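Structure, as structure tokens:
None of the figures in this text is laboratory data; all of them are computed from the coordinates on show. None of the values given here were measured: they were computed from a predicted structure. Because the Cβ atoms are built from the backbone with ideal geometry, glycine has one as well, and the counts that use them run over all protein chains shown.
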Amino acid sequence: MARRTQGTPRRRPGGTARRDRPVDRFLADKTRTLEGRAHRLAKLDPKTVGLRAEDRAYAPSARHFAAANQRLATIAGSIGERLSDLRTIGRAPHETRLLRMAMVEREIDRARRAFGLFFEVFAQRGAAFAPSLMAHDNIARDCYAAIEEGGGGLLRKPLLPPLTYLEHGYSPATMRRGVTLKRLLGEPNPFPLIRIPWDRDRPWQATFLHEVAHNLQADLGLWEENKQAVGRRLAETDMPVSLQAIWQRYQKEVLADCVAVLLGGPAAAWGMAEFLAHPESKVANFKSGGVHPPGYLRIFMLAEMARRMGFAKEGEQLALVWRTLYGQAANRRLPPDLLASAASIIPIMVDEIAYQPRRALAERSLADVISFTADDQRAIRAGASALAEDRVPSLPPRFLVSAARYAISKGAAIPRLGAGLIEHLAHRHLSNPPVRLVSQHGRGNVQALAA
């Protein structure tokens with residue numbers, strides 16, 4: 001038997017257990033704090049997000065709250081399962097317990113992120129910008145109503161409409177229904193969210209129609225079908241495969257642009273041009289692998305869309321303005337083969353995307369489903385004159401976006417125009433059917449079917 005040398009501590013039975021007791025207490029305390037945080041973020045209601053009685057007119061619907069709470073409840077269930085796993089391992093090795101705690105923390109992080117997103121979006125309905133957000137909600141609802149009116153059941157029901165919210169950033173953006181979000185650690189988005197920059201909260205931004213169009217594209221099931229159809233159409237040309245791939249990548253953005261013009265008419269094309277008008281180094285910039293067409297080419301596609309819809313003069317004017325501003329820069333900066341192909345490919349892109357039938361549309365085209373006529377354009381022009389005189393006409397909300405654009409060109413006072421439109425749109429009764437334009441005997445009469 002080895003002899004204990006002087007200075008070596010004597011080993012006593014249970015020494016390891018005594019050393020583990022402080023560690024066990026520490027880990028037990030950490031477990032309790034996890035349990036204390038686990039279910040704090042499991043439900044939202046108007047009171048939770050600070051909405052007062054006077055804010056309810058602008059609040060998200062009960063269905064939006066229910067969808068958010070369903071997502072939070074699902075995450076809460078996962079937290080509960082991870083906590084149960086943690087409790088069952090007892091006096092497992094320290095590292096095992098720490099790993100189980102980390103799994104709980106990850107689920108809590110998911111809850112924190114989802115709760116935070118919904119809270120930030122919902123709570124804005126109690127701020128000074130709430131009427132503007134509700135105005136944009138109603139524009140988006142009207143765009144969906146246009147699909148229902150022309151599509152006759154293409155959209156599944158019940159379908160939660162988009163919600164708008166304000167955030168920093170130069171341009172509007174959208175988070176589609178069901179898309180998994182990095183911000184939420186892969187959680188799917190339960191309803192569409194459309195971001196509006198703080199300074200673009202006035203309801204005449206054509207880019208807002210573009211973002212609504214992205215959601216319609218997803219909800220109508222056009223995402224893949226359109227990509228494949230455009231690819232087949234481009235394969236019929238004599239372009240090199242590398243050029244075909246570039247144009248095919250643009251199909252999602254071209255579709256959203258085309259739908260924006262179908263929803264709002266030529267004014268939407270002009271509004272998009274205003275948004276995209278920058279120094280030539282940006283407008284004529286080409287990004288390899290990008291999904292957005294160069295701004296220079298994009299406006300010519302909008303001009304072609306206006307021409308196909310029967311508004312050749314507006315399309316020609318828009319193309320002239322754009323060519324005058326950026327034609328020389330495009331020749332210097334864009335890839336020569338891409339620029340040379342544009343004259344022949346742009347009509348093909350617009351035709352395939354907006355005028356060819358799709359299975360998802362019951363073998364109709366987007367232009368069949370979203371009808372925009374010369375009568376609609378005349379009504380918008382008349383509405384612009386009314387807005388310039390501080391009167392809000394009886395037009396569908398999506399048409400008011402365009403009428404406001406023309407009213408600004410007529411010299412309308414922008415502060416009064418914005419205030420009047422927001423007041424009108426924010427208090428529009430959502431339970432009413434959409435205002436529709438009815439052409440009688442081809443004379444373009446405007447009939448308000450619902451105020």
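Between the alpha-carbon centres of region 46-97 and region 344-402 there is a gap of 42 Å. Close amide H contacts of Glu167 (hydrogens built in the peptide plane, cut-off under 5 Å, sequence separation of 5 or more or a different chain): Ile196, Trp198. When both bridge partners sit in the chain, DSSP labels roughly 55% of those beta bridges antiparallel. Protection proxy ranking for 130-139, 277-286, using the average of other Cβ atoms within 10 Å per residue and placing the highest first: 130-139, 277-286.
Apply the a/c threshold of 1.5 to the C-alpha gyration tensor of region 122-220 and tell me whether it is rounded, prolate or oblate. It comes out oblate by the Cα gyration axes. Close amide H partners of Glu187, meaning residues 5 or more places away or on another chain with modelled amide H under 5 Å apart, are Leu181. Here the Karplus curve 6.51 cos²θ - 1.76 cosθ + 1.60, taken at θ = phi - 60°, turns the phi angles of region 130-135 into couplings of 4, x, 5, 5, 5, 4 Hz, with x standing for Gly and Pro. Pairs with C-alpha atoms separated by more than 28 Å, drawn from the list Lys43/Lys252; Lys287/Lys313; Lys43/Lys227; Lys182/Lys252, are Lys43/Lys252; Lys287/Lys313; Lys43/Lys227. Given H placed on each backbone N at 1.01 Å, which residues far from Gln356 in sequence or on other chains put an amide H within less than 5 Å of it? Hits under the 5 Å cutoff: Leu366. With a Förster radius of 60 Å applied to the C-beta separation of Arg91 and Gln328, the computed FRET efficiency comes to 0.20. Between 0 and 90 degrees, the angle of helix 94-123 with respect to the longest Cα principal axis of the chain falls at about 30 degrees. Taking 0.36 nm per residue of separation and subtracting the current Cα-Cα distance, fully stretching the chain between Arg391 and Leu181 would add 71.4 nm.
The peptide list 342-349, 177-184, put in order of mean Cβ contacts within 10 Å with the highest first, becomes 342-349, 177-184.
When each of the peptides 357-368, 263-274 is scored by the mean number of other C-beta atoms lying within 10 Å of its residues, the order from highest to lowest reads 263-274, 357-368. Computed from Cα atoms, the angle from the helix 414-426 axis to the main principal axis of the chain rounds to 70 degrees. Using a cutoff of 8 angstrom between alpha carbon atoms and counting only pairs six or more residues apart, the relative contact order for region 252-379 works out to 29 percent.
Rounded to the nearest whole Hz, the Karplus-based 3J(HN,Hα) values (6.51 cos²θ - 1.76 cosθ + 1.60, θ = phi - 60°) of region 215-232 follow the sequence 5, 4, 4, 6, 5, 8, x, 8, 4, 7, 4, 5, 4, 5, 5, 5, x, 5, with x at glycine and proline. Rounded, prolate or oblate for region 262-388? Axes are the square roots of the Cα gyration tensor eigenvalues, ordered a ≥ b ≥ c, and the cut-off for rounded is a/c under 1.5. It is oblate, given that a/c is not under 1.5 and a/b is not larger than b/c. Extension gain, Asp24 to Ser281: 0.36 nm times the residue separation minus the Cα-Cα distance gives 86.2 nm. Axis angle, to the nearest 10 degrees, between helix 312-333 and the longest C-alpha principal axis of the chain: 60 degrees. Set the Förster radius R0 to 51 Å, insert the Cβ-Cβ distance between Ser288 and Glu54 as r into 1/(1 + (r/R0)^6), and round the FRET efficiency to 0.05. It comes out at approximately 0.45. Summing Cβ point charges (Lys, Arg +1; Asp, Glu -1) relative to the Cα centre of the chain gives a dipole of roughly 3000 debye.
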